[in-house]
Amino acid sequence: MTSTPSWTAGVVREVLPNGLTLLAQREASAPAVAVVTHVKAGFFDEPDRWGGISHVLEHMFFKGTPTRGVGEVARQTKAAGGYLNAGTAYDYTTYYVTLPADRLGTALDIQADALQHASLDREELARELQVIIQEAKRKLDSPGALAHETLHEVLFDRHRIRRWRIGTEAALAGFTREDVAGYYASRYVPARTIVAIVGDIDPVEALRAARVRYADWPAHPAALDPSPEEPARRELRARTLRGPITSAHLVLGWRTVPALHADVPALDLAAAVLGSGRGSWLYRAVRAPGLATGVSAYHYAPTEVGIFSIGAELEAERVPAALDEIARAVLALRAAGPSDSDLERARALLLTRWSRSLETMDGRASALASAEALRDVALLDEEFAQLAAVTPDDVRRVARQYLRPDAVGAVAYLPDGRGDDLAAAHLSAAFRVDAPARPIAQPEPASAIPPLNGRPAGARRAEVLHVALEGADLLVRRKAGVPAVALGVHVAGAGTEQLAEAGLGSLALRSAIRGAGAYDAEQLALAFERLGGSLGSSVAIDRLGMGTTVMADRLGPAAALLRTVMQEPRFEPGEVTRERELMVEEARQVRDDTFRFPFQLAFRGAFGESSYGLPAGGLEETLRELSPARVAAWHREALRGNRLTVVAVGDIDPDRAADQLAAVFRDWQGVPPAAPAAIRWQPASAPVELLAELGKAQSAFAMLFPGPRRGDPARHAAEVWAAIASGLGGRLFDTLRDQRSLAYTVLAFAWPRQRAGALGTYIAMAPEREAEARAAMLEELARFAGEAVAPDELTRAVGYLAGQAAVQRQSAGHLAAEIVDAWMLGEGLGELEDPAAPYRRVTAEAVWEVARASLRPERRAEGVVRGAGGGR
């Protein structure tokens, strides 16, 4: 960063007589406000008999008070245009709501009531425990989560971080109302509670409003039950898990230090040097050569302990080779530390990402509350400054002190019947080699920006500056708050692939990142990351492109690099082949995801072998047939000669930014592609079901029905239907989750795209309840088709969508996506002037008409992943 921002400027703090702490800060970058309730009670505070109870209480927070019935907390928040959620961590539980700034009073009323007066109804608790048990089963079906939490058990013998944090099925089933009420009364006390308010508000008035609502909460002491302390230990430990998964997960870890320790910033940067971005040591040693589809490094430091971990997702047979490369990287970091350029690359990435985490109102409020809980809000600015001050010697020192070869723990989660078990002897051998030389980054070529000799003046609409160049449209908007800019270059015309070439566009864009112009893959990654961003590609259903988020003062160089990648990819055969093999492995890994895989099956059933029925990332069998020559030919056909849409949103001056972008793209030659033809819905008179039986702990299915396209005026009514059906307080949530305890995850959505549209639902449940869940889902959908929605349902949904139209503009990335969607697929920038207006015009009759036309069971496409013991 060119200057150090103050994230705590203007924060107003007050401690009420009962001990509760209030924080408020004005952030006027969007017309929204967040209220975050941070309670210093989490998994660390649970004695063994109550393992998982913090998470149970988090669920019950939304289950009503004496003055708000079951579901009313969510329904009233939704009607005010807000969204709410919660999360339980090891050392705290947090509840947050974000809504339009003029509804702060509503948010405080609801949150204060729920915090102080949770009903904890006995029957509701019994039903919710069944939901949480399904959540626990879903976690068992997540290989990464299972491997990482098992690593905690391997690393720690006594501290509570070693426990399965969500709780076991047996423990959850045994909780009584008295247990939950006892935990609530003893841990949820004013002195351990922080309420942070951030948004387009007057902080003094916000504190006054909060004071009225929280001052009468009686003070009483907390009953603390600290975790057992962990004894010092230095030992190699390994564990192997096996299960019905497709790819292996390898995780390594070391015990480090808690949050307030002075070594935390250097450990965070050590993790970034090793695992953040395409220029990181592990990416270059493990991911780039194809040993793994993904590799990462993290340092996690809650209040009492710390963990440094490295994880990889890979083929089971490649675990030994990946382990060797990971060990070599760690040993190199211990021996020599990072170079100056390595550290600056990692620091630029980390500070930019750190800043972006504070872009939203709830992100900023959560960070302020967390800092206050640890010490005080000034810690937030200090952490930023400490990251900026870490030296290469600091990183080398902490690597030598904590990442010891004789103290590593590891977990390998392997597919049944594949790969060799991991043992401590394997760790000893991998970490016994002589320290290798530190990876040396090749200097990247200079990225020259041509001088600008004038540009078209452009026109403004909806706060967006549009400049039309000969072959590109520049769309620029200022979004203050964080000193960063989201930059994307997009091309229309995606979504034309057929079965034989599924994944071709994704492979071409991902291969382009492996080298372009004068840059090889490593130089290109380093060039972007030293600007504070990573280069990414995206193939959406109707468009494709590349993008990055960089420090705001580096917009010009980032744009020049993006043009190079779009125009001059090298497509070296070896690099294309390596990327293709990684995509083949990723396509196989989809089967391990009980959320994505049912949708992949359902879309295939709905749209067949058209581009809408195929995953953008391709299929295992189609990817293997794509040659480097075909990739290069696709690039010539799909990108060159196509008109670009270039979007920049961030803390920038629009005219100056347009000058910089025009200097880069002024001579691009391209015309818009012809409008694509509509895609036919496949199921006509009988449902289509695609089934995979995988032996998971849960079953899941996705249903799709034909719905309005992007250009159909009825799409807004479809989105209102989805808001009525889905989310906290939605009809499907209430009936299938809250009343019947069928599932933890249930949702509905509208999917309007350029060439076709759909309405969809999803639910994951115990395998033995699959038939019950299907019947219940169809019953609820038949209700939508059989009668108009109630006036209060319509009012809540319209209020929610209208409010979210404003709230979502907290993020530069969301604003950029909104601009691209309106410009490339919609009616133009005019859509952005009052995005809430179309929802306010939706009537109950319009919603009913969409439901009658779409929700016909004989026209549904269903994708089913069946767990062990499941069936119709």
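The values are calculated or read from the model by the stated rules, or taken from the named source; none is laboratory data. The structure displayed is predicted, hence computed values, not measured ones. For neighbour counting, all protein chains shown are included, and Cβ atoms are generated from backbone atoms with ideal geometry for every residue, glycine included. For accessibility, only protein heavy atoms count, side chains too; no ligands or nucleic acids. Shrake-Rupley method; radii C 1.70, N 1.55, O 1.52, S 1.80 Å.
The accessible surface of the chain, taken with every protein chain in place and a 1.4 Å probe, is 51 percent carbon and sulfur.
For Ser428 and Val671 in one chain, what is 0.36 nm times their gap in residues minus the Cα-Cα distance, to one decimal in nm?
Working: separation 243, 0.36 × 243 = 87.48 nm, distance 5.96 nm.
In short, 81.5 nm is gained.
Counting Lys and Arg as +1 and Asp and Glu as -1 over every other residue whose Cβ lies under 10 Å from the Cβ of Arg570, the net charge comes to -3. Phi angles of region 158-172 translate, via the Karplus equation with coefficients 6.51, -1.76, 1.60 and θ = phi - 60°, into HN-Hα couplings of 10, 5, 5, 5, 6, 7, 5, 5, 6, x, 8, 4, 5, 5, 4 Hz per residue; Gly and Pro are given as x.
A simple charge model with +1 on the Cβ of Lys and Arg, -1 on the Cβ of Asp and Glu and nothing else charged puts the dipole of region 117-163 at about 200 debye relative to its Cα centre.
Given the rule -39500 (n - 2.57) for each run of at least 4 DSSP H residues, summed and divided by the residues of the chain, what is its mean residue ellipticity at 222 nm, to the nearest 500 deg cm²/dmol? Walk me through the numbers before you get to the answer.
On the way: 29 runs with 341 residues, N = 872.
Per the formula, -12000 deg cm²/dmol.
Taking amide hydrogens as placed 1.01 Å from N in the peptide plane, the amide H of Ala484 sits under 5 Å from those of Ala552, Asp651, each at least 5 positions away in sequence or on another chain. With a ≥ b ≥ c taken as the square roots of the eigenvalues of the C-alpha gyration tensor of region 754-872, please select rounded if a/c is under 1.5 and otherwise prolate if a/b is larger than b/c or oblate if it is not? Prolate, because a/c is 1.5 or more and a/b exceeds b/c. In this structure Ser6 has an accessible area near 70 Å², from a 1.4 Å probe over the protein heavy atoms. Once you reduce region 488-539 and region 400-430 to the center of their Cα atoms, the two points are 34 Å from each other.
As a rough guide to protection, the peptides 580-591, 396-407, 671-682, 364-375 ranked by mean Cβ packing within 10 Å, highest first, stand as 364-375, 580-591, 396-407, 671-682.
Here the Karplus relation 6.51 cos²θ - 1.76 cosθ + 1.60, evaluated at θ = phi - 60°, turns the backbone of region 19-28 into coupling constants of x, 6, 9, 10, 10, 8, 8, 7, 9, 9 Hz, with x for every Gly and Pro. With 30 Å as the limit, the listed pairs Lys78/Lys139; Lys40/Lys139; Lys40/Lys696 have Lys40/Lys696 beyond it between alpha carbons.
Under 5 Å from the amide H of Arg242 lie the amide H atoms of Leu414, each residue being 5 or more positions distant or on a separate chain, with H modelled from the backbone and absent for Pro and chain starts.
Taking R0 as 45 Å, what FRET efficiency do you get between Leu499 and Ser341 from their Cβ-Cβ distance, rounded to the nearest 0.05? Mind showing how you got there, number by number?
Details: r = 45 Å, r/R0 = 1.00.
The pair Leu499/Ser341 has a calculated efficiency of 0.50.
At 1.4 Å probe size, with no ligands or nucleic acids counted, give the accessible surface of His148 in Å², nearest ten. Rounded to the nearest 10, the figure is 70 Å². Shape class for region 508-579, computed from the alpha carbon gyration tensor (a ≥ b ≥ c): oblate, with a/c not under 1.5 and a/b at or below b/c. Quick check: pseudo-label points 7 Å beyond the Cα along Cα→Cβ at Arg461 and Asp792, how many nm apart are they? Going by the 7 Å Cα→Cβ label model, 4.2 nm. Solvent-accessible surface of the chain, taken per residue with a 1.4 Å probe and all protein chains present: 36 Å². A simple rule links phi to the HN-Hα coupling: the Karplus curve 6.51 cos²θ - 1.76 cosθ + 1.60 with θ = phi - 60°, which for region 749-758 gives 7, 9, 10, x, 10, 4, 10, 5, x, 7 Hz, with x for Gly and Pro. The distance from the alpha carbon centre of region 628-662 to that of region 709-734 is 33 Å, rounded to a whole number.
A Förster radius of 41 Å combined with the Cβ-Cβ distance from Ala262 to Gln567 puts the calculated FRET efficiency at roughly 0.30. Taking a temperature of 37 °C and a viscosity of 0.692 mPa s, what whole-number D in µm²/s does Stokes-Einstein yield for region 171-297 with Rh from Kirkwood over alpha carbon pairs? Using the Kirkwood radius from Cα pairs, D works out to 156 µm²/s. Going by the alpha-carbon gyration tensor, a ≥ b ≥ c the square roots of its eigenvalues, is region 1-111 rounded (a/c under 1.5) or, if a/c is not under 1.5, prolate (a/b greater than b/c) versus oblate? Judged from the Cα gyration tensor, region 1-111 comes out oblate (a/c at least 1.5, b/c at or above a/b). Largest first, the residues Lys137, Lys696 sort by 1.4 Å accessible area into Lys137, Lys696. Rounded to the nearest 20 debye, the dipole magnitude of the chain is 600 debye, with +1 charges on Lys and Arg beta carbons, -1 on Asp and Glu beta carbons, and the Cα centre as origin. Shape descriptor for region 30-75: Rg over Rh equals 1.10 (Cα atoms; Rh from the Kirkwood inverse mean 1/r).
One equal scatterer on each Cα of the chain, no solvent, Debye formula: the resulting log10 I(q)/I(0) at q = 0.07, 0.08 Å⁻¹ is -0.56, -0.76.
Determine, from the Cβ-Cβ distance of Asp712 and Leu224 and an R0 of 60 Å, the FRET efficiency 1/(1 + (r/R0)^6), rounded to the nearest 0.05. Kindly include the intermediate steps, with their values, before the conclusion.
Values: r = 58 Å, r/R0 = 0.96.
Plugging the Cβ-Cβ distance into 1/(1 + (r/R0)^6) gives 0.55.
The modelled label-to-label distance between Arg233 and Arg400, using points 7 Å beyond Cα along the C-beta direction, is 2.7 nm.
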